[in-house]
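Contents: one structure, followed by commentary.
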Amino acid sequence: MKLSTALRNKKLGVVVTILIVVMLLPFGSSAARFVLARDAEVPDVFLEMPLDYFNRCVEDTDYMRFRHMDLLKRLREEFIRDGKRGNVSLTKCRDCHTSRERFCNRCHEEASVILDCFGCHYYPEPDSVSQQLGT
Amino acid sequence: MDRREFLKKGGAALAGTSGALGLPLLTSCGVNTASEDSPLAGRKWGMVIDLNECQSDCTACLDACRHENNVAFHNDKRWDIHWIRKVNIRSKESEDHTEKSVLLLCNHCENPPCAQVCPVQATYKRADGIVVVDHHRCIGCRYCMIACPYNARFFNYKENEEWPNTDFPKRSHGVAESCNFCAHLLDQGKRPACVEACEAIGVRALHFGDLNDPESDVSEIVASAPVKRIRDDWGTEPKVYYLGL
């Protein structure tokens with residue numbers, strides 16, 4: 001093998017390696033973010049506690065924080081389609097979590113999730129609630 | 001394989017595949033119905049409207065419905081929504097040509113055309129026969145308004161600002177709606193708001209009950225009295241019966 005051919009091959013190898021690394025970067029970064037996010041502290045937006053602090057919610061706090069949308073969707077199908085109207089409903093949330101601004105909106109703004117629940121479902125206006133809380 | 005044989009076998013294979021794919025599509029063209037294990041199964045809610053008792057100038061049921069279900073009223077007939085409404089009709093055949101005031105609402109058909117045309121299965125028939133709109137799913141295409149032969153469907157062209165009953169949701173701009181026999185009250189064991197309102201003022205024009213139960217008020221009236229349904233010949237099988245129509 002001539003020297004010039006080997007050099008060319010080596011260059012090719014480097015180029016290919018760089019290409020592969022560049023292509024894998026997005027996967028690597030999201031994997032790293034996933035691992036880091038698991039260990040990270042729960043952000044401050046979650047610290048809002050209901051007024052009725054000692055009453056337990058319908059599910060564990062962790063479940064309600066991360067999977068409440070699944071629960072609400074399942075209940076919605078059961079309520080409307082099958083008429084299984086239980087004690088849990090979206091409007092019951094407001095009994096404990098009085099402030100929509102602080103209970104729903106803070107986190108959803110952080111996560112860029114647009115809510116359209118309250119165009120139709122009644123939830124107290126944030127103004128009156130903040131007066132009630134004295135803040 | 002020669003050309004003729006290839007075309008024969010290829011054609012057969014194509015027909016087989018399209019049939020296998022197409023049949024489930026055909027069978028899914030039926031009415032959207034709720035699941036069978038629902039606690040509602042077995043009942044069949046129906047209503048009898050006694051027009052001889054109903055007073056033409058009374059609006060108790062209309063007001064009760066509007067209040068209970070947050071039905072939008074903009075005081076403009078282009079946008080007003082009526083779950084239950086009153087129209088004056090005049091018979092072509094009768095001699096005296098007197099006007100008759102008739103209550104109109106969703107007929108909760110056994111074969112609801114609105115549910116058949118709904119492309120997203122937002123309108124469907126519950127296991128107890130009530131035709132309901134799931135406003136979460138509704139995309140506002142208004143097919144149901146075109147399909148309904150009774151003009152019982154209305155569309156929210158504007159946002160409704162009034163919210164008299166905060167226990168019940170209102171509808172946002174862009175969804176279709178109609179009477180649902182106050183399904184939320186029925187599920188709690190109560191009766192529709194219009195029926196309660198009619199009884200509260202001492203009139204017995206609206207009867208409501210289970211058509212599957214032979215003991216019930218409505219079943220007895222339907223069995224004994226000369227009841228009529230609007231345009232029975234269409235085959236929609238309404239569950240709202242009229243006395244004295």
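The values are calculated or read from the model by the stated rules, or taken from the named source; none is laboratory data. No experiment lies behind these values; they were computed from the predicted model shown. Note: ideal-geometry Cβ built from the backbone for every residue, glycine included; neighbour counts use all protein chains shown.
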**Request:** Report, by residue number, each residue of the stretch B:129-163 that is in contact with a Pro (Cβ under 9 Å, 6 or more places away or on another chain) and under 23 Å from A:ASP82 (Cβ atoms).
**Result:** B:VAL131, B:HIS135, B:ILE139, B:CYS144
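Mind checking which residues of the stretch B:201-245 are among the charged types (D, E, K, R), buried (at least 18 other Cβ atoms within 10 Å of the Cβ) and farther than 18 Å from B:TYR150 by Cβ?
From the stretch B:201-245, those among the charged types (D, E, K, R) are B:204, B:210, B:213, B:215, B:217, B:220, B:228-229, B:231-233, B:237, B:239; that's our starting set.
Among the residues that remain, those that are also buried (at least 18 other Cβ atoms within 10 Å of the Cβ) are: B:210, B:229, B:239.
Within the stretch B:201-245, just B:ASP210 meets the criteria.
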**Residues (over 20 Å from A:LYS73 (Cβ atoms) and free of Cβ contacts under 8 Å to residues at least 24 places away in the same chain) located in the stretch B:101-150** = B:CYS141
**Prompt:** Going through the stretch B:155-210 one residue at a time, which ones are among the hydrophobic types (A, V, I, L, M, F, W, C), more than 14 Å from every other protein chain (Cβ to nearest Cβ) and in a loop (DSSP other than H, G, I, E, B)?
**Reply:** B:CYS179, B:ILE201, B:VAL203, B:ALA205
**Request:** Filter the stretch B:167-193 down to the residues that are of a type in the set (Lys, Arg) and in contact with a strand residue (DSSP E or B) (Cβ under 9 Å, 6 or more places away or on another chain), then identify the one that is farthest from B:ARG126 (Cα to Cα).
**Result:** B:ARG171
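Give me a count of the residues in the stretch A:77-110 that are under 24 Å from the mean Cα position of the chain (by Cα) and in a helix (DSSP H, G or I). So that I can check it myself, show each step before the final result.
Residues of the stretch A:77-110 under 24 Å from the mean Cα position of the chain (by Cα): A:77-78, A:88-110.
From what is left, the residues that are in a helix (DSSP H, G or I) are A:77-78, A:90-96, A:100-110.
Residues in the stretch A:77-110 being under 24 Å from the mean Cα position of the chain (by Cα) and in a helix (DSSP H, G or I): 20 in total.
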**Prompt:** Considering only the stretch B:193-228, how many residues are free of Cβ contacts under 8 Å to residues at least 60 places away in the same chain and under 16 Å from B:LEU105 (Cα atoms)?
**Reply:** 1
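Identify all residues within the stretch B:60-112 that are closer than 27 Å to B:THR166 by Cα and of a type in the set (Val, Ile, Thr); write none if there are none. Break it down stepwise before answering.
First pass over the stretch B:60-112, keeping only residues closer than 27 Å to B:THR166 by Cα: B:60-86, B:103-108.
Within the stretch B:60-112, B:VAL71, B:ILE81, B:ILE84 qualify.
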**Asked** more than 11 Å from every other protein chain (Cβ to nearest Cβ) and over 27 Å from A:LYS84 (Cβ atoms), is that true of B:LYS228?
**Response** yes
**Request:** Scan the stretch B:45-60 and give yes if some residue there is within 29 Å of B:GLU220 (Cβ to Cβ), away from every other protein chain (no Cβ under 14 Å), modelled with pLDDT of 85 or more and in a helix (DSSP H, G or I), otherwise no.
**Result:** yes
**Complete:** Counted residues in the stretch B:101-150 being touching a helix residue (DSSP H, G or I) at 6+ places or on another chain (Cβ under 8 Å), away from every other protein chain (no Cβ under 14 Å) and in a loop (DSSP other than H, G, I, E, B) come to 3
**Complete:** Reported set for the stretch B:76-98 where residues are more than 24 Å from the chain's Cα centre (by Cα) and either closer than 28 Å to A:TYR122 by Cβ or in a loop (DSSP other than H, G, I, E, B) (or both) is B:SER91, B:LYS92, B:GLU93, B:SER94, B:GLU95, B:ASP96, B:HIS97, B:THR98
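In the stretch B:43-62, what count of residues is obtained for those that are buried (at least 16 other Cβ atoms within 10 Å of the Cβ) and over 16 Å from B:VAL227 (Cβ atoms)? Steps first, please.
Initially, the stretch B:43-62 is screened for residues buried (at least 16 other Cβ atoms within 10 Å of the Cβ), giving B:43-51, B:54, B:58, B:60-62.
Imposing the further condition that a residue be over 16 Å from B:VAL227 (Cβ atoms) reduces the set to B:43, B:58, B:60-62.
Total satisfying the criteria: 5.
Quick check: anything in the stretch B:159-168 surrounded by fewer than 21 Cβ atoms within 10 Å (Cβ to Cβ), assigned by TED's automatic domain parsing to the domain that holds B:TRP83 and β-branched (Val, Ile, Thr)? Reasoning before the result, please.
Filtering the stretch B:159-168 down to residues surrounded by fewer than 21 Cβ atoms within 10 Å (Cβ to Cβ) leaves B:159-168.
Filter once more, so that each one left must be assigned by TED's automatic domain parsing to the domain that holds B:TRP83: B:159-168.
Now restrict to residues that are β-branched (Val, Ile, Thr): B:166.
Within the stretch B:159-168, one or more residues are surrounded by fewer than 21 Cβ atoms within 10 Å (Cβ to Cβ), assigned by TED's automatic domain parsing to the domain that holds B:TRP83 and β-branched (Val, Ile, Thr).
If only one of B:ARG90, B:ARG85, B:ARG78, B:ARG66 is of a type in the set (Lys, Arg), more than 26 Å from B:LEU245 (Cα to Cα) and out of contact with any Gly (no Cβ under 8 Å at 6 or more places or on another chain), which one is it? Full working, then the answer.
Details: B:ARG90 fails: more than 26 Å from B:LEU245 (Cα to Cα); B:ARG85 fails: more than 26 Å from B:LEU245 (Cα to Cα); B:ARG66 fails: more than 26 Å from B:LEU245 (Cα to Cα).
Selected residue: B:ARG78, the only one of B:ARG90, B:ARG85, B:ARG78, B:ARG66 that is of a type in the set (Lys, Arg), more than 26 Å from B:LEU245 (Cα to Cα) and out of contact with any Gly (no Cβ under 8 Å at 6 or more places or on another chain).
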